[in-house]
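Okay, structure first, notes after.
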Amino acid sequence: DSGVTQTPKHLITATGQRVTLRCSPRSGDLSVYWYQQSLDQGLQFLIQYYNGEERAKGNILERFSAQQFPDLHSELNLSSLELGDSALYFCASSVGPTGGGETQYFGPGTRLLVL
Amino acid sequence: GIQVEQSPPDLILQEGANSTLRCNFSDSVNNLQWFHQNPWGQLINLFYIPSGTKQNGRLSATTVATERYSLLYISSSQTTDSGVYFCAVVRSGSARQLTFGSGTQLTVLP
């Protein structure tokens, strides 16, 4: 158990819908990262927040957005869902803002299926 | 961006055999992690090893940062070792995110 929690574990929805994925980092960690694992793209970085502020952005679609709340949990919002958004979404956390020099701990993931 | 290449892409072993997985990366890194993704999709942290050597039970890892590669050794393989092994790095400098390799699919046969 990494100490990072993600809910829900599984999500099935229809095209055009909107969903919210939730992540709670390990106690004491201030950074939250979101990654997407799809069959064709592999594991890719989406976005990072540190202590409530966006710090880095990767291959995140405009239909996707995220935020980190004062209690440090984070939410990833996916809207106007398409079949290709079906993937495993991971949240990771670390203590500092840089991503380097320390371990990023991964949650169990949320498996999203868009029908 | 940084390139991460893993080899071999697939590996099939008999239980009890040893194996070596390799990860090459194209630039300086300040974070290198090895993960095991089990059949249920969970990513398990194995090692944080931007340089040097570490051991944890039957697993060990070595990173030679100056030559830009890392090796993961699995000894006395068990069927529960099956899954995909990923190497991921953070490029030194302004990068913050882990860049993943494409993984090595390991199958251990009883």
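The values are calculated or read from the model by the stated rules, or taken from the named source; none is laboratory data. These figures come from a predicted structure and were not determined experimentally. Cβ: placed from backbone, ideal geometry, glycine included. Neighbour counts: every protein chain shown.
Would you confirm whether any residue within the stretch B:5-12 is part of a strand (DSSP E or B) and surrounded by 20 or more Cβ atoms within 10 Å (Cβ to Cβ)? Quick ask: steps written out before the conclusion?
Pass one, the stretch B:5-12, residues part of a strand (DSSP E or B): B:5-7, B:10-12.
Next, from what is left, pick out any that are surrounded by 20 or more Cβ atoms within 10 Å (Cβ to Cβ): B:6.
Yes, the conditions are met somewhere in the stretch B:5-12.
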Filter result for the condition that a residue is over 13 Å from the mean Cα position of the chain (by Cα) and in contact (Cβ under 8 Å) with a residue 24 or more places away in the chain, over B:Ser70, B:Ser102, B:Ser92: B:Ser92
- request: State all residues of the stretch B:26-37 that are in a loop (DSSP other than H, G, I, E, B) and either touching a His at 6+ places or on another chain (Cβ under 9 Å) or within 18 Å of A:Gly3 (Cβ to Cβ) (or both); if no residue qualifies, say none.
  value: none
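Condition check: at pLDDT 95 or above and within 14 Å of chain A (Cβ to nearest Cβ). Does B:Gln42 satisfy that?
Values: at pLDDT 95 or above: no; within 14 Å of chain A (Cβ to nearest Cβ): yes.
No, not satisfied.
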- prompt: If we scan the stretch B:65-83, do we find a residue that is in contact with a Ser or Thr (Cβ under 9 Å, 6 or more places away or on another chain), among the acidic types (Asp, Glu) and either modelled with pLDDT of 95 or more or crowded, with 17+ Cβ neighbours inside 10 Å (or both)?
  reply: yes
query: If you check A:Val4 against the conditions, is it more than 9 Å from chain B (Cβ to nearest Cβ) and modelled with pLDDT under 95?
result: no
message: Of everything in the stretch A:5-38, what is of a type in the set (A, V, I, L, M, F, W, C) and within 13 Å of the chain's Cα centre (by Cα)? Give them in sequence order.
response: A:Val19, A:Leu21, A:Cys23, A:Val32, A:Trp34
task: Output the number of the condition that B:Phe47 fails; it satisfies all remaining conditions of (1) touching a helix residue (DSSP H, G or I) at 6+ places or on another chain (Cβ under 7 Å); (2) closer than 15 Å to B:Phe86 by Cβ.
output: (1)
